[in-house]
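The values are calculated or read from the model by the stated rules, or taken from the named source; none is laboratory data. Values in this document were obtained by computation on a predicted structure and should not be read as measured data. Heads up, the Cβs are rebuilt from the backbone with ideal geometry, glycines too, and the neighbour counts pull from every protein chain shown.
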Amino acid sequence: MNLPQHVRLVEVGPRDGLQNEKQPIGVADKVRLVDDLSAAGLGYIEVGSFVSPKWVPQMAGSAEVFAQIQQLPGVTYAALAPNLKGFEGALEAGVKEVAVFAAASEAFSQKNINCSISASLQRFVPVLDAAKQNGVRVRGYVSCVLGCPYEGAVPAEQVASVARELFAMGCYEVSLGDTIGTGTAGDTRRLFEVVGHDIPRNKLAGHFHDTYGQALANIYASLLEGISVFDSSVAGLGGCPYAKGASGNVATEDVLYLLNGLGIHTGIDMDRLIQAGARICAVLDKPNGSRVARARLASA
Ligand code: HMG
Ligand code: MG
């Protein structure tokens, strides 16, 4: 088996996990979640979003969260920024890394960010320029890489084309999002074969929502394709407000269990991670979406 020796997990729980929550979540609880995650050894945490509060009200307090988290050395604390206004907000909050997000489907692009794919890419150019001037790193996302809630099947070549543009404009890494979690391991391998043709595989990441229960299989398929960065969400929190019925990202605890079993190093402490997930689930009064966490907590 030719698998990567190290994997980097991008913890998106505080952003992707919480953005869809209807109930108000206090800044203190968000801060506690981020601090719990960094204490568990996560090296990269997506803390929030500088998007329109009319579109995603839950992320409105992201600047306050950034102001209050305990920033550990060596940990990346990132935020989404859909346009220059968002980037400026992030910069003001002291954010050192942002992510821009495009889609491989026109309909999803319209629903999520109110513009076409090509308009979104044009909008990102000044963000990338401003980021460069200010020493901020930019990650790119492509949504709907294995299917769109509005358009259905999405050709891999279309994903590749958007990913190439993001990479060419200066994103150091592009994360491919199965927003609605319908992709299979076979689809995932074919997708990385196509996208990996033009973009080095060490510049690509996988972002799998677990709606159809395929995310761990898709991560394993990605590992076989040489992908070594995966986005995940503690306790499997979340969903996308513009992809109805989509469940959370694959649970970080479950990915860690998979990677530990493969002898792949991440530096994350499972027990502390499970505690972080249990705490936020208690705040939200929600069942834990991680199978590993549920099993461990039940037997504790
Ligand atoms: P728009 O309405 O077309 O924007 O929204 P606009 O430029 O016409 O501005 C309208 C109003 O919004 C103005 O305010 C602006 O100032 C304000 P008004 O004059 O009406 O008072 N505005 C902003 N306010 C705060 N921060 C900003 C900002 N920009 C404009 N950055 C826009 C366009 C992109 C802003 C909007 O559609 C938006 O915020 N969308 C965000 C959607 C979102 O966050 N979706 C979830 C994240 S993506 C995701 O989950 C997928 C991912 O996980 C990968 C995967 O799973 O596939 C990443
Ligand atoms: Mg997502």
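Summary table below
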item	result
Residue tally, condition in contact with a helix residue (DSSP H, G or I) (Cβ under 8 Å, 6 or more places away or on another chain), within 16 Å of ligand 2 (Cβ to nearest atom), within 23 Å of Glu46 (Cα to Cα) and not aliphatic (A, V, I, L, M), over the stretch 142-186	6
Residue satisfying condition, being at pLDDT 95 or above, in contact with a Cys (Cβ under 8 Å, 6 or more places away or on another chain) and not in a loop (DSSP other than H, G, I, E, B), within set Gly177, Gly186	Gly177
Filter pass, Val47 being within 16 Å of ligand 1 (Cβ to nearest atom), under 20 Å from Asn260 (Cβ atoms) and in contact with a Phe, Trp or Tyr (Cβ under 8 Å, 6 or more places away or on another chain)	no
Test: residue in the stretch 264-277 that is out of contact with any Lys or Arg (no Cβ under 7 Å at 6 or more places or on another chain), among the aliphatic types (A, V, I, L, M) and within 16 Å of ligand 2 (Cβ to nearest atom)	no
Positions within the stretch 217-257 being touching a residue at least 40 places away in the same chain (Cβ under 8 Å), surrounded by fewer than 19 Cβ atoms within 10 Å (Cβ to Cβ) and not in a loop (DSSP other than H, G, I, E, B), in sequence order	Leu224
Residues being surrounded by 21 or more Cβ atoms within 10 Å (Cβ to Cβ) and part of a helix (DSSP H, G or I) - total across the stretch 260-277	4
Test: residue in the stretch 108-121 that is among the hydrophobic types (A, V, I, L, M, F, W, C), under 17 Å from Tyr172 (Cα atoms) and either more than 10 Å from ligand 1 (Cβ to nearest atom) or touching a residue at least 40 places away in the same chain (Cβ under 8 Å) (or both)	yes
Those residues of the stretch 200-232 which are acidic (Asp, Glu), within 16 Å of ligand 2 (Cβ to nearest atom) and within 24 Å of Glu165 (Cα to Cα), in sequence order	Asp231
Matching residues in the stretch 128-151 - criterion: being over 25 Å from His209 (Cβ atoms) and touching a strand residue (DSSP E or B) at 6+ places or on another chain (Cβ under 8 Å)	Leu128, Ala131, Val136
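Yes or no, residue by residue, for (1) surrounded by 19 or more Cβ atoms within 10 Å (Cβ to Cβ); (2) of a type in the set (Ser, Thr, Tyr):
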residue	(1), (2)
Ala130	no, no
Tyr141	yes, yes
Ala153	no, no
Ala156	yes, no
Ala160	yes, no
Leu166	yes, no
Gly170	no, no
Gly177	yes, no
Gly183	yes, no
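Listed here are the residues, each with its yes/no results for (1) basic (Lys, Arg); (2) within 12 Å of ligand 1 (Cβ to nearest atom); (3) part of a loop (DSSP other than H, G, I, E, B); (4) free of Cβ contacts under 8 Å to residues at least 60 places away in the same chain.
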{"position": "Val142", "(1), (2), (3), (4)": "no, yes, no, yes"}
{"position": "Ser161", "(1), (2), (3), (4)": "no, no, no, yes"}
{"position": "Arg164", "(1), (2), (3), (4)": "yes, no, no, yes"}
{"position": "Phe167", "(1), (2), (3), (4)": "no, no, no, yes"}
{"position": "Arg190", "(1), (2), (3), (4)": "yes, no, no, yes"}
{"position": "Ile199", "(1), (2), (3), (4)": "no, no, yes, yes"}
{"position": "Phe208", "(1), (2), (3), (4)": "no, yes, no, yes"}
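Here is a yes/no grid of residues against (1) surrounded by fewer than 16 Cβ atoms within 10 Å (Cβ to Cβ); (2) modelled with pLDDT of 95 or more; (3) at positive phi:
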residue	(1), (2), (3)
His6	yes, yes, no
Arg15	no, yes, no
Lys30	no, yes, no
Pro53	yes, yes, no
Tyr77	no, yes, no
Asn83	no, yes, no
Gly94	yes, yes, yes
Ala99	no, yes, no
Phe108	no, yes, no
